[in-house]
Amino acid sequence: MSDPARPSHPLLFAAAFGAGGLLSLMVLFNGTLAGYGSLLFSSWVPHLTGSILAIVILLALRPRRASKTRPPLWAYLGGVAGGVTVMLTSATMNSALALSGTIALGLAGQMVFSLFADIRGLFGLPQRMPKPRDYLALALIIAGSLVLIFLGGAP
Amino acid sequence: MILFAALAVMAGVLVSLSRQINGRLALSTSAWESSFWNHIVGLAFITLAAIVFGGLFAGTPQDAPWWAYLGGPVGFVFIAAGSWLIPRIGAAQTALLIIAGQMISGVLLDIIMGTAGNPLARIVGVALILAGMWVARSAKD
């Protein structure tokens, strides 16, 4: 295994952290929309407007394809997994788990599967072995997230 | 209850799975094109679900504030960012740093919007997350 790239590059680190900020805005916007319309609507609208912006950006930037070989067909199906996610969370949010339980268990599923995928190098992505330091970072960030999710609300 | 807990865990797995599949597509194409396919395929899938289940336009979506409709453009950049990051820093680091950013910006948004919260829990939670980022950031083992 080659030297695993780490997020020590400030740009990568800032981009991932900033993407989390975008996610917060998405949750706020889409969640507000769900307060007025149906849950399907609050996912359908952002996919529609996101697709429109995507077409504009692709026409404007015309990004080059990184490789001449065609990607496997399954690589086009990421959006289906995203769509199923919306349906699952809309079911669990209305159960006894509520929003906090849904988010907390979702974080667990996300981290365990991400580590598994890195260790095995799933889906043609580079294989990476997490180091002890990575597990410490994971424990601290997940602990902080759980404190915010379960104790951060109004006392 | 066990069933719903399993579904919630599965939702998290699918978030990661979706990001990996999009990341694989970006390796052959580009992060922007990967985000485009994620959105257009997702749109087709949700439209199909809406036709099957119905009720897409239920409620009073026309009464929502205009800014609630801005999630799509933000999501397009967000998915492109994830597709760009995952082959470079791995699935776990991408997920962890996105979670850190989401949690801390969530606290900031709550404070800006005046949402009531427990100040001590907010301080402890943000401090733990910042400590975790500091550990992740120090590259030498």
Tally of residues being free of Cβ contacts under 8 Å to residues at least 40 places away in the same chain and surrounded by fewer than 22 Cβ atoms within 10 Å (Cβ to Cβ) across the range B:16-33: 2
Tell me, which helices (runs of 4 or more DSSP H) wholly within the range B:37-141 include 2 or more residues that are at pLDDT below 95 and charged (D, E, K, R)? B:119-137
Looking at A:THR32, A:THR85, A:THR49, which one is within 7 Å of chain B (Cβ to nearest Cβ), surrounded by fewer than 19 Cβ atoms within 10 Å (Cβ to Cβ) and under 29 Å from B:LEU56 (Cα atoms)? A:THR32
Out of (1) touching a Ser or Thr at 6+ places or on another chain (Cβ under 6 Å); (2) more than 7 Å from chain A (Cβ to nearest Cβ); (3) among the aliphatic types (A, V, I, L, M), the one B:ILE112 does not meet is (1)
Among the listed residues B:THR29, B:THR47, identify the single one that is under 15 Å from A:VAL86 (Cβ atoms) and more than 14 Å from the chain's Cα centre (by Cα). B:THR47
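The values are calculated or read from the model by the stated rules, or taken from the named source; none is laboratory data. As the structure is a computational prediction, the values presented were derived from the model and not from experiment. For neighbour counting, all protein chains shown are included, and Cβ atoms are generated from backbone atoms with ideal geometry for every residue, glycine included.
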